Structures are given as structure tokens and as C-alpha cells.
Amino acid sequence: MAKRQASPYLPGIRSRDWIKIKKQLTLDLVVGGYIPGNGPREPFFGGLLLGAYDDSRKLTYTGRVGSGFSQQELEEIFNEFEPSEDSPFSNSPTTKDVMWLKPRLVVEVVALEVSKRRNLRAPVFLRRRTDKSQKNVQLINGSKDT
């Protein structure tokens, strides 16, 4: 919480003098699969399955992201997909209707946190990382036991 020092607490009233600030993490993650889209996203994807490499160089699933994409980004990312028969993740998610991909694309997401079990909380897509190799995406330790 951030507030002006001289501002009083006003129960039940919102004020520009008291502002809630949320901590966020920015992460680079590897795309290992996707969930087909519905509705306007049907030609593309509904969400990307993401992961990072652990100390033994295994791709570990950390979660999925489905928000933050522009129409142009949906098209560009979808056109770069390289399908795979098998999951690239060492701990594959049990999500239905997953389409597996060769782990070549890297994306940047923002999330509220990464749990101790290394799952993303409330991730949102920011951008593609064409400047970063998937081999350089390392797993980070979580912050909470959720």
C-alpha cells in the first residue's frame, strides 16, 4: 500500500491518496504446447503451455498463459509453431486437447508470483523473445507454497 503521509483513512471510500501496489515478476519461458482456441481465437490458440529448464536440463512445465495477446501476436506466434508428437515437458500437464510443440519459441510473461511448486500465478503475455535462445531459459525457485 502506498499513501500520502497526511491523508486520513476513509473506511469504504476509494481515494487517490491510498493506492494498492502489486508486486509482479517478469519471466522468460519456453512454449512447449498450446490449447486450441475457441470463438474468435479458433483459427489460432487459446493458451500457451510454458516451461523452463531445470538444473538437469529438463524442460519443466510451469503453467499456461492465455491473456495479453493482440490479434497480430496470435497470428505471428501460431505461424511459428512446430508440431511435435510428444510432450517436451518432463512433468506434462494433464490438460485436455493439448497440441505439443517443439520447444523453440521463447515468450516473456508477467506474473504475480511463482509458487514453490514452480507454478505461475496470474500470468499475462508481454511479448515474444526472438533475441533469446530457449536453451538459456532457466527455472526459478518459487516464493510461496501453493
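Quickly run through region 98-118 and pick out the residues that are under 21 Å from residue 45 (Cα atoms) and either crowded, with 18+ Cβ neighbours inside 10 Å or touching a Gly at 6+ places or on another chain (Cβ under 9 Å) (or both).
Of everything in region 98-118, those that are under 21 Å from residue 45 (Cα atoms) and either crowded, with 18+ Cβ neighbours inside 10 Å or touching a Gly at 6+ places or on another chain (Cβ under 9 Å) (or both) turn out to be 98, 99, 100, 101, 102, 103, 105, 106, 107, 109, 110, 111.
Please go through region 51-66 and pick out each residue that is out of contact with any Pro (no Cβ under 7 Å at 6 or more places or on another chain), assigned to a strand (DSSP E or B), under 14 Å from residue 124 (Cα atoms) and not polar (S, T, N, Q).
Result: 64, single match.
Residue 81 passes all but one of (1) crowded, with 17+ Cβ neighbours inside 10 Å; (2) under 15 Å from the mean Cα position of the chain (by Cα); which number fails?
(2)
For region 31-78, what are the residues that are surrounded by 15 or more Cβ atoms within 10 Å (Cβ to Cβ) and among the basic types (Lys, Arg)?
41, 64
Filter region 119-146 for residues that are closer than 11 Å to residue 52 by Cβ, at pLDDT 85 or above and surrounded by 15 or more Cβ atoms within 10 Å (Cβ to Cβ) and give the result.
Passing the criteria: 120, 134, 137.
Please enumerate the residues belonging to region 1-30 that are without any contact (Cβ under 8 Å) to a residue 60 or more places away in the chain, among the hydrophobic types (A, V, I, L, M, F, W, C) and surrounded by 10 or more Cβ atoms within 10 Å (Cβ to Cβ).
Answer for region 1-30, where residues must be without any contact (Cβ under 8 Å) to a residue 60 or more places away in the chain, among the hydrophobic types (A, V, I, L, M, F, W, C) and surrounded by 10 or more Cβ atoms within 10 Å (Cβ to Cβ): 10, 18, 19.
The values are calculated or read from the model by the stated rules, or taken from the named source; none is laboratory data. This structure is a prediction, so every number in the text was calculated from the model and none was measured. Every residue, glycine as well, gets a Cβ built from its backbone with ideal geometry; the counts of neighbours run over all protein chains shown.
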